[in-house]
């Protein structure tokens, strides 16, 4: 005869759910003003010549805000996709593979985007 406690023992928290929850809320809150900045920046430079956009990115304030937007967006995206993977991907090998690919995809987005911002802002 098994008690309900014995059936759930060992199936509790994996000790990271709270951290992911708060990190996703923090990145969402950060993305509100950063998203407004990004939209304003894109609207102001829509249709502008390449040299004008490059000159705007040469401003360190603009480059730092753009980098912060990229990093916060990628972290938010990674956590959101990880929750979806953990909820809807069945089978432990597939779940682990998808979570690892999610990490690599987010890292690739961050590295590639920050490289592009650095290249444009430093004029390399």
Checklist line | Extended-chain gain in nm, criterion 0.36 nm per residue less alpha-carbon gap, residue 32 and residue 119 | finding: 28.7 nm
Note to self: Can you give me the angle between helix 17-45 and the longest principal axis of the chain, using Cα atoms only, in degrees from 0 to 90, rounded to the nearest 10?
What the structure shows: 20
Margin query: Angle check, please: helix 60-88 long axis (alpha carbons) against the longest principal axis of the chain (alpha carbons), in degrees 0 to 90, nearest 10.
Written below: 20
Checklist line | Residues listed by number, segment 66-85, amide nitrogen under 19 Å from residue 99 label point at 7 Å toward C-beta | finding: 75-85
Note to self: To test your reading of the geometry: what angle, between 0 and 90 degrees and rounded to tens, separates the Cα axis of helix 92-122 from the longest principal axis of the chain?
What the structure shows: 20
Item checked: Square roots of 5 times each gyration tensor eigenvalue, C-alpha, the chain, largest first, Å -> 41, 15, 11
Notebook entry, point to check: Using 7 Å Cα-to-Cβ label points, what is the residue 22/residue 42 separation (nm, one decimal)?
Noted result: 3.2
Note to self: Once you keep just the Cα pairs under 8 angstrom separated by 6 or more residues, what percentage relative contact order results for segment 45-124?
What the structure shows: 49
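Rule-based calculations on the coordinates, nothing more; no lab input. Quick caveat, the model's predicted, so the values are computed rather than measured. Note: ideal-geometry Cβ built from the backbone for every residue, glycine included; neighbour counts use all protein chains shown.
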